[in-house]
1. For region 326-363, give me each residue that is farther than 30 Å from His307 by Cβ and basic (Lys, Arg).
2. Just a yes or no: is a residue in region 314-327 in contact with a Lys or Arg (Cβ under 7 Å, 6 or more places away or on another chain), more than 24 Å from Val115 (Cβ to Cβ) and among the aromatic types (Phe, Trp, Tyr)?
3. Quickly run through region 91-126 and pick out the residues that are closer than 23 Å to Leu160 by Cβ, out of contact with any Gly (no Cβ under 6 Å at 6 or more places or on another chain) and open to solvent by less than 30 Å² (accessible area, probe 1.4 Å).
4. For Gly269, work out the one condition from (1) modelled with pLDDT of 95 or more; (2) in contact with a strand residue (DSSP E or B) (Cβ under 9 Å, 6 or more places away or on another chain) it doesn't fulfil.
5. Looking only at region 110-162, how many residues end up being out of contact with any Pro (no Cβ under 8 Å at 6 or more places or on another chain), among the aliphatic types (A, V, I, L, M) and part of a loop (DSSP other than H, G, I, E, B)?
6. For region 277-370, please list each of the strands (runs of 3 or more DSSP E) lying entirely inside it that holds at least 3 residues being over 18 Å from Gly215 (Cβ atoms).
7. In region 230-249, which residue that is open to solvent by 10 Å² or more (accessible area, probe 1.4 Å) and either in a loop (DSSP other than H, G, I, E, B) or hydrophobic (A, V, I, L, M, F, W, C) (or both) is nearest to Ile272 (Cα to Cα)?
8. Scanning for something hydrophobic (A, V, I, L, M, F, W, C), modelled with pLDDT of 95 or more, in contact with a Gly (Cβ under 8 Å, 6 or more places away or on another chain) and buried (at least 16 other Cβ atoms within 10 Å of the Cβ), does region 70-90 turn up at least one residue?
Amino acid sequence: WAWTASALALAVVAACLPGATTLVVGPAARAPARGGTIAMMGGKGFGAPAKKAKASKKAAAARSAGATQPYYTGSQRKLELSPRRPVPADAVCPDYAETGVPGYQRPMLPWDIEVKTPEQIAGMREACRIAREVLDVAGKAVRPGVSTDEIDAIVHEESLKRGAYPSPLNYQSFPKSVCTSVNEVICHGIPDATILKEGDIVNVDVTCYVGGYHGDLSETFAVGEVDAEAKRLVKVTYDSWQAAIAICKPGVPYKQIGAAIEEVVAPSGFTIVRGFVGHGIGSAFHMPPNVVHHRNDDRNGEMAPGHTFTIEPMINEGAPSYKEWPDKWTIVTSDGKRSAQFEHTLLITEDGVEVLTPRTVNSQPMWWNE
């Protein structure tokens, strides 16, 4: 789940620092010509599964009707949402579950990063373990003919079954329990009646809240057989993500993550989305540090033991620019070309880095490992 800036005070302070990334306050703000933007996220709505036959007719009608809409850049259209899925009354929920407004107050300085205690790290491990289990179940459901709303239902039920709350649900009024971003959708895709078809790629972004902590990860899946360029896009995205993780250890400036990603992506001809970043995570869904995915000189601090954060580069097949749908959540490539993303939650240890959301024997195999 890409980070959203949540305090005007931080924007003002950070913008005054030499070499700082531009912070734009407002829903899914546009990226500047140079440098990064941390985008505020907003949105409203809710969700549950629709019949496939009806969904197919609605999809065709929506594509026809939306052909002239400037925010529709590719094959995807906004379709009908199902009703909000219920959460048991005795579920342990984050503070925003009812109001939609997280109570976390972000520090004034971007390098003021929480150092987790052993007890907090244990809580993070459990949340991340469960999030991985949920994503693995959802990933196995990805195939032609399945709706993104069905994937949302799976994530919702599998989270609750494990004693977790699906963190996206009602976060800043987000209407669903998972993000499903298909083809040209870069991030924050809202599950609806959209039917996955052969040749699509879809990012499934799962976050689970367990015992007071969030665990966050995502993967991009192929729907059936995809073309060679889609495979290359997903593989380059994966490789750049892994290169960034490999440099993580105590004392490394967070800004070096972007350089590591760019070294892999630049030769490929693909581009890095600059408008959204990774983030610190713990008892709050989003907190410092800001993890910028392109080369930058931002002052976001240095890695230290006990830091937990995500790395989640979004890589585009075409231009790095993007547009926002009227739902104030869905972000799509400006040229309608595809985008891919991977995400892990990480812990800095005394001598390196630990992936808290590692793939397991139950994870969907990547085609290059089959």
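1. Lys328, Lys337, Arg338
2. Looking through region 314-327, at least one residue is in contact with a Lys or Arg (Cβ under 7 Å, 6 or more places away or on another chain), more than 24 Å from Val115 (Cβ to Cβ) and among the aromatic types (Phe, Trp, Tyr).
3. Pro94, Tyr96, Ala97, Gly100, Met124 - these are the residues of region 91-126 that are closer than 23 Å to Leu160 by Cβ, out of contact with any Gly (no Cβ under 6 Å at 6 or more places or on another chain) and open to solvent by less than 30 Å² (accessible area, probe 1.4 Å).
4. Gly269 satisfies every listed condition except (2).
5. Looking only at that region, the number is 3.
6. Answer list for region 277-370: 314-316, 322-324, 331-333.
7. Val236
8. Checked region 70-90: at least one residue is hydrophobic (A, V, I, L, M, F, W, C), modelled with pLDDT of 95 or more, in contact with a Gly (Cβ under 8 Å, 6 or more places away or on another chain) and buried (at least 16 other Cβ atoms within 10 Å of the Cβ).
The values are calculated or read from the model by the stated rules, or taken from the named source; none is laboratory data. This is a predicted model, so every value here is computed, not measured. Cβ atoms come from the backbone with ideal geometry, glycine included; neighbour counts cover every protein chain shown. Note: areas computed on protein heavy atoms with side chains; ligands, DNA, RNA excluded. Shrake-Rupley method; radii C 1.70, N 1.55, O 1.52, S 1.80 Å.
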